[in-house]
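These notes are about the structure you will find just below.
The values are calculated or read from the model by the stated rules, or taken from the named source; none is laboratory data. As the structure is a prediction and not an experimental result, all values here were calculated from the model. No Cβ is skipped: glycine too gets one built from the backbone with ideal geometry, and neighbour counts run over all protein chains shown. To get the accessible areas, we keep the full protein, side chains included, count just its heavy atoms, and leave off ligands, DNA and RNA. Shrake-Rupley method; radii C 1.70, N 1.55, O 1.52, S 1.80 Å.
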Amino acid sequence: DFISQYFIEPWGSGLYSIPLLAGIYLTGSKNSRHRRIALTGVKAFILAGGATFIIKHLAHRHRPYEDDPPNPYLWDGPYPFTSDYTSFPSGHTATAFAIASVLAFGYKDKPWIGISSYTVASLVGLSRINDRKHWGSDVLIGAALGSFIGITLSKVNLKRVHMTPTAFNGGYGLLLTYSMP
């Protein structure tokens, strides 16, 4: 439990993964592959976190520790203005797999990076189950979502895709633009 909480879970929360991406960014020269990979990793982290936030608030699935006895079939569906019951999907797992996918795709020539990244991401998912924060299906869907986001962003020509924080009609969001060649 100690290892899960202090050495594995922080990879999914960004506590360790974002500084890693910052280090990769700083080691690269201007317009280098390292910088593009690091920036893509940050974008993947943000998009995976945002996607899971939206899905969590549409599903409102109960976490294993929230009911006695635990019941994986309790879904309250969308209802506004509450942060209760946000088990599905696992955001930690989604962000960990999003970054792992970007690193594995970006450093295809170094297989050990992909193996290490996916191992850490898998451990994040397992730690969420171990810590009774998520059901196995939450972790599985989080991993699939994060992988999809990371691989998709990695395949796009990064020079043509830009993500900008924006405000509109009293709300906030991200503006994703794609420039045609």
Loop trypsin sites (Lys or Arg not before Pro), region 1-107, which have at most 13 other Cβ atoms in a 10 Å radius of their Cβ (DSSP) | K30
Determine the calculated [θ] at 222 nm for the chain from helices alone, applying -39500 (n - 2.57) to every DSSP H run no shorter than 4 residues and normalising by the residue count; nearest 500 deg cm²/dmol.
-> -18000 deg cm²/dmol
Tensor-based shape of region 63-167 (alpha-carbon gyration tensor, a/c under 1.5 rounded, otherwise prolate or oblate) | oblate
For the chain, modelled as a GNM with alpha-carbon contacts under 10 angstrom, which of A104, A44, A96 fluctuates the most?
-> A104
The lysines whose Cα lies under 24 Å from the Cα of K30, excluding any fewer than 8 residues away in the same chain, are K43, K108, K110, K155, K159
C-alpha center-to-center spacing [region 1-66, region 91-149] in angstrom = 9
When we measure straight from the Cα of K56, which lysines land under 18 angstrom away, once same-chain ones fewer than 8 places off are left out?
-> K133
So which DSSP H runs in the chain come out at 30 Å plus along the axis (Cα) with average Kyte-Doolittle of at least 0.0?
-> 33-59
Measuring from label point to label point, each 7 Å out along Cα→Cβ, what is the T166 to R33 span in nm?
-> 3.3
Most mobile listed residue (T166, T52, T86) in the chain, GNM with C-alpha springs under 10 Å = T166
For percent of Cα pairs over 31 Å apart, several values are listed as (i) 7; (ii) 20; (iii) 28; flag the one computed from this structure.
-> (ii)
If you rank D76, D68, D1, D138 by how much accessible surface each has, with a 1.4 Å probe, what is the order from largest down?
-> D68, D1, D76, D138
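Return the loop-located chymotrypsin sites (Phe, Trp or Tyr not before Pro) in region 1-93 (DSSP other than H, G, I, E, B) with at most 10 other Cβ atoms within 10 Å of their own Cβ; answer none if there are none.
When the chymotrypsin sites (Phe, Trp or Tyr not before Pro) of region 1-93 are filtered for loop state and at most 10 Cβ neighbours within 10 Å, Y73, F81 remain.
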